[in-house]
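Structure, as structure tokens:
The values are calculated or read from the model by the stated rules, or taken from the named source; none is laboratory data. Treat the numbers as computed from the prediction; the structure is a model and nothing was measured. Positions of Cβ are backbone-derived with ideal geometry, glycine not excepted, and every protein chain shown enters the neighbour counts. Please note that ligands, DNA and RNA were not included when accessible areas were found on the heavy atoms of the full protein model with its side chains. Shrake-Rupley method; radii C 1.70, N 1.55, O 1.52, S 1.80 Å.
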Amino acid sequence: MSYVDKVLEKIEEKNRGEPEFIQAATEILESLRPMFGLNPEYEKAALLERILIPERAIIFRVPWVDDEGKIRVHKGFRVQFNSAVGPYKGGIRFHPSVNLSVMKFLAFEQIFKNGLTGLSIGGAKGGSNFNPKGKSDNEIMSFCQSFMSELYKYIGPDTDVPAGDIGVGGREIGYLFGQYKKLTGIHAGVLTGAGLDFGGSYVRTEATGYGLGYIMDNALKARGESFEGKDVVISGSGNVAIYAAEKVEQLGGKVISMSDSSGYIHDPDGISLADVKQLKEVERKRISEYAELKPNAEFYCGCSDIWNLPCDVALPCATQNELDTKSAETLISNGVKYVGEGANMPTTLEATNKFLDAGIILLPGKAANAGGVATSALEMSQRSMRIPWTFEEVDKKLQDIMSGIYKNIDTAAAEHGFKDNYIRGANIAGFLKVSRAMMAQGVV
Ligand code: NDP
């Protein structure tokens, strides 16, 4: 039995009740298969066994008081998965679906994503099953302060630097940082996504979406194409989706649909991003209201039917497993040619295989949405130097990083006999970087 098979056999047994983590680990290990026959030293070093267990997983109580004076209690998590390449880096998610399995899957993926950026950052993820929706600013602040009152013990500019993710934006980062500073008395770069007035970086807000646009542009250009004249469907209308849409439009594409967790809008004239930003970023309203502003736009209930719309490029930017086999089959039969994952693991394993079998160019999240974490690392550099770069300087560095990632995954895929299979390319390139660092550091 091969080394990968031996490890795969034990994954379920050793991670009972963690389906998301098992899914992510299986996907990565399956695509690394060809490398292990060639490198027996990995098995000798028990590299896979080590890489599959987090260096540390912290679970903590987060009590807080709501506006009615009622005491509420949530669970907090920080999974510090791998620090071989650099200090732990990865977002914090506040969402009712957060549990240990989701945290481990996200932190595991983050290791390889961060490895791909070429920057010195390890992999982590954190969060809570707290639902920020419908909470007042005061309640959000109270929750963030309680969350940081425990987390501050485990983070630092050279140990672990969290960022935002679903449910954690600039407001939450501000409250979390304020509490860190109060507890420690140190104005350190321990969180990225900070406001521009206290150590933040230009382009961080736009980075993940812009990065997705840039890397897809690389993939298109490599095939003699461009966004010009292409219809693009984008799921979600949060941070990633909005700035992916902005970059797609700047690069000449037409975004015809966006969504939120209640349903999707279809605007054949091309989505007016200014209206989406006003609704979602300023008024914090539902995407359905867009249809009331535009005569030709329609709102449809339910999320997954967004993939029934014919398009050239599909960019799932909402959440994990939002694009299943049926949706993949519909997209393929409607002529989609490119899929770029803005969200983490939005495509199920089966749907991924459908796309690959059909010859669709699929850019996996670990490469395609790495612009966010890469710009976070640029924020860390600026914070250490105490010298901010301009919007243009950061944007140029982001473009170069995304081009570098595209070259990296394209070369890794081709060199290992899987030309154009960027799932393999990203997993192999990310893994090679992390494994080299782990091997060099001995059995730790
Ligand atoms: P946000 O919370 O800003 O936005 C998420 C969006 O997805 C919201 O519009 C939400 O709608 C919508 N949504 C949630 N579930 C569904 C669903 N089942 N179908 C359709 N829409 C849905 O999160 P982000 O944009 O920051 O993150 C999106 C994804 O990108 C996540 O997977 C995240 O991990 C990943 N990512 C984010 C990065 C970042 O820099 N922000 C970096 C790298 C990855 P509603 O408002 O109704 O909940």
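Work out the P(r) tail for segment 150-201: percent of alpha carbon pairs separated by more than 14 Å, whole number.
Details: 619 of 1326 pairs.
Result: 47 percent of Cα pairs exceed 14 Å.
Output ³J(HN,Hα) for segment 207-212: one whole-Hz value per residue in order, computed from phi by the Karplus curve 6.51 cos²θ - 1.76 cosθ + 1.60 with θ = phi - 60°, and x for Gly and Pro.
4, 5, x, 4, x, 4
Separation between the Lys419 and Ile71 pseudo-spin-labels, each 7 Å from Cα along Cα→Cβ, expressed in nm?
Output for this residue pair reads 6.6 nm.
When all protein chains stay in place, what accessible area (Å², nearest 10, 1.4 Å probe) is found for Lys354?
Accessible surface of Lys354 is approximately 80 Å².
I'd like the distance between the alpha-carbon centres of segment 198-265 and segment 325-384, rounded to an integer number of Å.
Between the Cα centres of segment 198-265 and segment 325-384 lies a distance of 12 Å.
Starting from the Kirkwood radius over alpha-carbon pairs of segment 55-187, derive D by Stokes-Einstein at 20 °C in a medium of 1.002 mPa s and give it in µm² s⁻¹.
In µm²/s, the coefficient is 145.
With each pseudo-label sitting 7 Å past Cα toward Cβ, what's the Lys285-Lys182 distance in nm, one decimal?
If labels sit at Lys285 and Lys182, their model points lie 3.5 nm apart.
Find the relative contact order for the chain and round it to a whole percent, using C-alpha pairs within less than 8 Å whose residues are 6+ positions apart. Intermediate values should be presented prior to the final figure.
Values: 920 pairs, mean separation 66.6, N = 444.
Reported relative contact order: 15 percent.
Just for the Cα atoms in segment 207-368, what are the lengths along the principal axes, largest first, rounded to whole Å?
Each principal axis gives a Cα extent; for segment 207-368 these are 40, 29, 26 Å.
On full extension of the chain, what length is gained from Thr159 through Val443, given 0.36 nm per residue of separation minus the C-alpha to C-alpha distance? Let's see the in-between values first.
Values: separation 284, 0.36 × 284 = 102.24 nm, distance 1.96 nm.
Length difference between fully extended and current span is 100.3 nm.
Could you give the length gained on full extension between Lys44 and Ser136, defined as 0.36 nm per residue of separation minus the Cα-Cα distance, in nm?
27.7 nm
Sorted by accessible area with a 1.4 angstrom probe, largest first, how do Tyr152, Tyr210 fall?
Heavy-atom accessible area, descending, gives Tyr152, Tyr210.
Which ³J(HN,Hα) values in Hz, rounded to whole numbers, follow from the phi angles of segment 45-53 under the Karplus curve 6.51 cos²θ - 1.76 cosθ + 1.60, where θ = phi - 60° and Gly and Pro get x?
8, 6, 5, 5, 4, 6, 5, 8, 10
Just how much of Tyr175 is accessible, in Å², when a 1.4 Å probe is used and the result is rounded to the nearest 10?
In the full protein context, Tyr175 sits at about 60 Å².
How would you classify the chain from its alpha-carbon gyration tensor, with a ≥ b ≥ c the square roots of the eigenvalues: rounded for a/c under 1.5, else prolate if a/b is greater than b/c, otherwise oblate? Intermediate values should be presented prior to the final figure.
Values: a/c = 1.43, a/b = 1.01, b/c = 1.41.
Rounded, because the longest to shortest axis ratio a/c is under 1.5.
Which of the trypsin sites (Lys or Arg not before Pro) found in segment 283-331 are loop residues per DSSP with 10 or fewer other Cβ atoms within 10 Å of their Cβ?
Numbers: sites: Arg284, Lys285, Arg286, Lys326; in loops: Arg284, Lys285, Arg286.
Passing sites in segment 283-331 are Arg284.
Name the lysines eligible as straight-distance cross-link partners of Lys133: C-alpha to C-alpha under 19 Å, and not fewer than 8 places from it in the same chain.
Lys70, Lys75, Lys277, Lys280, Lys285
How much of the DSSP beta bridge set in the chain is antiparallel, as a percent to the nearest 5?
So the antiparallel bridges amount to about 55 percent of the total.
Calculate the dipole size of segment 207-368 relative to its Cα centre from +1 charges on Lys and Arg beta carbons and -1 charges on Asp and Glu beta carbons; express the result in debye to the nearest 20.
With Lys and Arg at +1 and Asp and Glu at -1, about 340 debye.
Keeping every protein chain present and rolling a 1.4 Å probe, give me the accessible area per residue for the chain in Å².
Value for the chain: 40 Å² per residue.
For segment 344-430, what relative contact order do you get, as a whole percent, if you take Cα pairs closer than 8 Å and at least 6 residues apart?
Details: 69 pairs, mean separation 25.7, N = 87.
Once normalised by length, the contact order is 30 percent.
What do you get for chymotrypsin sites (Phe, Trp or Tyr not before Pro) in segment 339-415 restricted to DSSP loop and a cutoff of at most 11 other Cβ within 10 Å of the site's Cβ? Walk me through the intermediate numbers first.
Working: sites: Phe355, Trp389, Phe391, Tyr406; in loops: Trp389.
Of the chymotrypsin sites (Phe, Trp or Tyr not before Pro), not one in the loops of segment 339-415 has a Cβ with at most 11 other Cβ atoms within 10 Å.
With every protein chain in place, what's the accessible area of Lys70 (1.4 Å probe, Å², nearest 10)?
Surface accessible to solvent at Lys70 totals approximately 120 Å².
Residue-wise, which Karplus ³J(HN,Hα) couplings in Hz belong to segment 158-165, taking 6.51 cos²θ - 1.76 cosθ + 1.60, θ = phi - 60°, and x for glycine or proline?
With the stated coefficients, segment 158-165 comes to 10, 10, 8, 10, x, 9, x, 7 Hz.
Amide H neighbours of Leu363 under 5 Å, counting only residues 5+ apart in sequence or on other chains, H built in-plane at 1.01 Å?
Val339, Gly340, Glu341
Please list 128-138, 24-34 highest first by mean number of surrounding beta-carbon atoms within 10 Å per residue.
Ranked from most to least packed, the peptides come out as 24-34, 128-138.
Given a 1.4 Å probe and every protein chain left where it sits, what share in percent of the accessible area of the chain is carbon and sulfur? Kindly include the intermediate steps, with their values, before the conclusion.
Numbers: 8900 of 17750 Å².
Within the chain, the accessible surface is 50 percent carbon and sulfur.
About the Cα centre of the chain, how large is the charge dipole given +1 on each Lys and Arg Cβ and -1 on each Asp and Glu Cβ? Please answer in debye to the nearest 20.
1400 debye
Net charge near Gly200: determine it from the other residues with C-beta under 11 Å of the C-beta of Gly200, scoring Lys and Arg +1 and Asp and Glu -1.
So the surrounding residues net to 0.
Relative contact order for segment 207-368: what percent, with Cα pairs under 8 Å and sequence separation of 6 or more? Before the final figure, lay out each step's value.
On the way: 357 pairs, mean separation 34.4, N = 162.
The value is 21 percent.
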